[in-house]
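These notes are about the structure you will find just below.
The values are calculated or read from the model by the stated rules, or taken from the named source; none is laboratory data. Nothing here was measured: the structure is a model prediction, and the numbers come from that model. Virtual Cβ from ideal backbone geometry, glycine too; neighbours counted across all protein chains shown.
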Amino acid sequence: MIRGTAAAALLAAAALVPGGAGAQALIDQCVARTCKARLTPAELLDEVQKLVAAKRYAEAKPMVEALAGVPQLTFHYRFLAGYIAEQTGDLPRAAEMFRAILVDDPRQTRVRLELARTLFAMGHPQSADREFRLAAEDRDLPPEVARTIRLARTVIRSKRAWTLNLDAGFAPDTNINNATGADSVTVLFGPLAIPLALSPDARARSGTGHFATIESGVKLPVGGDVSLLGDFDAAKTVYGDSRFNDFSYELAGGAEVALNQSLRVRMQAVGADRVFGQHLITRQVGMKGGLEADVSDASRVGLQLDVRHTASPFDNNYNGWQSGLYATYERVVARSIVTSGGVFLRRDAFRAKAYSSVELGMIAGIGGELPAGFNVGLGGSFSRALYDAPIPIFSTDPRHDWRFSLRATVGNRAFAWLGFSPTIGVSWSRMDSTLPLYANNRTRLRFALARYF
């Protein structure tokens with residue numbers, strides 16, 4: 001909501017009735033070559049509103065800059081400066097001003113709509129769609145504005161051509177090899193249970209790595225409601241000891257069909273590799289598909305099925321099929337906060353039944369914008385995994401796991417360098433297993449610079 005009667009009047013003059021103004025501007029009353037006048041801040045604001053309403057942006061611009069020195073008119077200055085910049089084609093300046101307002105007050109719905117329109121004009125449809133979606137949560141929107149937002153989001157989804165997200169930084173990690181913290185394990189020799197000490201290489205090791213990630217995608221309309229899809233994601237972490245370097249990438253390509261304005265289905269072929277140290281650990285080829293439905297302007301549901309064949313040159317006992325079914329629900333709350341939740345079912349059917357399992361779990365998350373330019377996110381999951389057969393050397397019973405994870409991130413887009421903004425994240429995972437060799441605990445910090453196109 002716009003704060004105060006003056007701000008509401010400003011918006012009405014500057015945005016809703018741009019065609020003209022009934023009152024004569026002071027500048028039109030000047031008859032001499034030089035015109036001098038003493039104005040209070042409120043009177044100056046009134047003059048600016050008249051000029052903006054008449055689309056006389058060149059004349060209004062220096063007066064708007066004069067408002068910058070009036071603390072109580074900071075909101076008015078930023079909005080008018082942004083609006084004039086938008087109308088005169090200086091879109092980066094417009095986005096900067098609108099974002100500055102939202103940094104102080106994320107509830108400014110009208111400003112968020114102007115930012116969304118500016119981002120779309122700048123060729124950033126994904127960012128524009130996000131702002132439109134957050135604005136749609138305002139229950140005080142007039143029906144015609146709500147309809148316009150729905151139409152704009154439909155157009156964005158149909159025309160969005162590409163996305164690109166980058167981040168890089170360093171990450172202290174308590175368990176870079178994802179190993180157990182146990183000092184020893186018990187092995188079975190017939191009726192005998194013998195404890196054996198683990199070598200340091202088989203136990204958890206800490207370290208700090210440098211990482212970089214990329215998430216990218218293209219969506220190309222080919223006619224009607226059909227679009228071609230392409231995705232490429234990659235992540236690499238490098239440590240002082242190259243045995244623990246971790247690199248993975250995934251390629252996907254397929255198509256999406258919009259069945260109507262609120263329901264979309266997609267299917268993609270997928271291929272992925274993971275290299276740990278100097279060894280190719282897994283190579284996957286398969287298919288993934290799903291559907292996404294808008295339940296309302298502020299909520300949507302999704303369903304995804306992922307089926308892949310995995311080949312492991314490192315250990316062919318892990319050759320086989322991996323599949324997963326995921327159901328999610330997402331909703332915008334409090335205008336700038338998004339919550340999500342879901343369930344998943346995974347099946348690993350490997351060559352070795354002792355490594356094959358079924359896992360059932362739940363996920364939840366919440367994130368969004370806070371004042372002062374901060375973006376935060378919290379999430380977590382827990383699951384239960386049951387294995388098909390025992391590993392005879394360790395136990396006569398199949399392995400059972402409880403798995404937990406938590407993550408938190410905080411960033412601030414008010415500070416940026418070449419478009420990159422700082423982000424700090426922490427993740428924690430724990431696996432409690434009936435086999436101590438597979439139990440582990442891991443905490444990882446991420447200090448990064450991120451950019452979202």
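W417 passes all but one of (1) surrounded by 15 or more Cβ atoms within 10 Å (Cβ to Cβ); (2) more than 23 Å from A179 (Cβ to Cβ); which number fails?
(1)
Test of understanding: among A85, A54, A68, A42, which residue is aliphatic (A, V, I, L, M) and crowded, with 22+ Cβ neighbours inside 10 Å? Please lay out each step first, then the result.
Numbers: A54 fails: crowded, with 22+ Cβ neighbours inside 10 Å; A68 fails: crowded, with 22+ Cβ neighbours inside 10 Å; A42 fails: crowded, with 22+ Cβ neighbours inside 10 Å.
Of A85, A54, A68, A42, the one residue that is aliphatic (A, V, I, L, M) and crowded, with 22+ Cβ neighbours inside 10 Å is A85.
Taking the condition closer than 30 Å to H400 by Cβ, surrounded by 19 or more Cβ atoms within 10 Å (Cβ to Cβ), aromatic (F, W, Y) and in contact with a strand residue (DSSP E or B) (Cβ under 9 Å, 6 or more places away or on another chain), does F344 pass?
Taking the combined requirement at face value, the residue does not satisfy it.
Every residue, every condition in (1) crowded, with 17+ Cβ neighbours inside 10 Å; (2) more than 15 Å from the chain's Cα centre (by Cα), yes or no:
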site	(1), (2)
G368	yes, no
P371	no, yes
V376	no, no
R384	no, yes
Y387	yes, yes
T396	no, yes
L406	no, yes
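Yes/no matrix, rows are residues, columns are (1) assigned by TED's automatic domain parsing to the domain that holds W321; (2) in contact (Cβ under 8 Å) with a residue 24 or more places away in the chain; (3) touching a Gly at 6+ places or on another chain (Cβ under 9 Å):
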position: V238; (1), (2), (3): yes, yes, yes
position: G253; (1), (2), (3): yes, yes, yes
position: E256; (1), (2), (3): yes, yes, no
position: Q261; (1), (2), (3): yes, yes, no
position: R266; (1), (2), (3): yes, yes, yes
position: A269; (1), (2), (3): yes, no, yes
position: V275; (1), (2), (3): yes, yes, no
position: V285; (1), (2), (3): yes, yes, yes
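Checking the structure you have, find out if any residue of segment 263-283 is under 30 Å from L151 (Cβ atoms), surrounded by fewer than 14 Cβ atoms within 10 Å (Cβ to Cβ) and not small (G, A, S).
Pass one, segment 263-283, residues under 30 Å from L151 (Cβ atoms): 263-268.
Next, only the ones that are surrounded by fewer than 14 Cβ atoms within 10 Å (Cβ to Cβ) stay: 263.
Imposing the further condition that a residue be not small (G, A, S) reduces the set to 263.
Yes, some residue in segment 263-283 is under 30 Å from L151 (Cβ atoms), surrounded by fewer than 14 Cβ atoms within 10 Å (Cβ to Cβ) and not small (G, A, S).
Note down all Cβ pairs under 8 Å where the first residue falls in segment 192-208 and is closer than 22 Å to A171 by Cβ, the second is of a type in the set (D, E, K, R), and they're at least six residues apart or on different chains.
R203/D183; A204/R442; S206/D173; G207/D173; G207/D241; T208/D173
Could you tell me whether R430 is touching a residue at least 40 places away in the same chain (Cβ under 8 Å), basic (K, R) and surrounded by 15 or more Cβ atoms within 10 Å (Cβ to Cβ)? Spell out the reasoning first.
Numbers: touching a residue at least 40 places away in the same chain (Cβ under 8 Å): no; basic (K, R): yes; surrounded by 15 or more Cβ atoms within 10 Å (Cβ to Cβ): yes.
When the stated conditions are applied, R430 does not pass them.
Which number in (1) among the aliphatic types (A, V, I, L, M); (2) within 29 Å of L166 (Cβ to Cβ); (3) in contact with an Asp or Glu (Cβ under 9 Å, 6 or more places away or on another chain) marks the one condition that V222 misses?
In the conditions (1) among the aliphatic types (A, V, I, L, M); (2) within 29 Å of L166 (Cβ to Cβ); (3) in contact with an Asp or Glu (Cβ under 9 Å, 6 or more places away or on another chain), V222 misses (3) alone.
I'd like the full set of residues that are surrounded by 16 or more Cβ atoms within 10 Å (Cβ to Cβ) and more than 30 Å from Q278 (Cα to Cα), limited to segment 187-240.
Within segment 187-240, V218, K219, S227, L229 qualify.
Could you check segment 124-239 for strands (runs of 3 or more DSSP E) lying wholly inside it with 1 or more residues that are at pLDDT 85 or above, small (G, A, S) and more than 30 Å from D397 (Cα to Cα)?
Fully inside segment 124-239 and qualifying: 162-173, 207-223, 226-238.
Residues to consider are E131, E96, E114, E144; find the one that is buried (at least 21 other Cβ atoms within 10 Å of the Cβ), charged (D, E, K, R) and more than 18 Å from the chain's Cα centre (by Cα).
E114
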